[in-house]
Each structure stands twice: as C-alpha cells, then as structure tokens.
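Take a look at the structure below.
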Amino acid sequence: MSTLILAFAITLAQILLGLAMACATFRVLRGPRAQDRVLGVDALYLAGMLLLLTYGIQTGRTLFFEEALVIALLGFAGTVALAKFLMRGEVIE
C-alpha cells in the first residue's frame, strides 16, 4: 500500500515539475527584462535538478543524485555570474 502511494506521489511530482519547467521556459523566452530571464533560468535548472532527484528515487539509482548535485553547483555559479554581469556589466574584475 505505501509503495503504491509513493509511486503515485513521485509520478505526480514529476508531472508538476514538468509543468514548472514549461512555465520557466515561457518566462525565459517571453521575459520583458533580463532579470526575469535570469530568474527563469534559475527556476529551470532547479526544476530540472528536482526532476532528476525524483527519477533517482523512482529507479533507485544513485547516479541521478550525483548529476543533480552537479546541476545545482553549476546552476548556482551561473546564476551568480549572470547577476554580477547584470549589476556591473562585467563578470571578471
């Protein structure tokens, strides 16, 4: 019984994360300002990372957890670099 509930919850979470990725993609493509696009990319990598985590839970393979960690680190560094570029106009001082 609890395995069935867990499988249903993971599937529902994956569907909702796919919907969140679609909304973030819309914001990236349609954002009126560059700041909105940066937030859209941030939400996009976050939803992708969570999608990998739910798929790793579903399959039981640990490789997806490592991939999610790499995506989180690279996404954070990219967001910081884009924010710094938008504030100062340069990334490297």
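Key figures for this structure:
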quantity	calculated
The stretch 3-20 - phi-based ³J(HN,Hα) in whole Hz, Karplus 6.51/-1.76/1.60, Gly and Pro as x	5, 5, 5, 5, 5, 5, 5, 5, 5, 5, 5, 5, 5, 5, 5, x, 5, 5
Two-decimal Rg to Rh for the chain - Kirkwood Rh, Cα set	1.10
Degrees between helix 34-59 axis and first principal axis of the chain (Cα, 0 to 90, nearest 10)	20 degrees
Spin-label pair L73/C23, simplified geometry with 7 Å Cα→Cβ offset, distance in nm	3.0 nm
Estimated inter-spin distance, L16 and L86, nm [label 7 Å along Cα→Cβ]	2.6 nm
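Rule-based calculations on the coordinates, nothing more; no lab input. The structure presented is a predicted model; accordingly, all values stated were derived computationally and were not measured. Note that each Cβ is placed from the backbone with ideal geometry, even for glycine, and that neighbours are counted across all protein chains shown.
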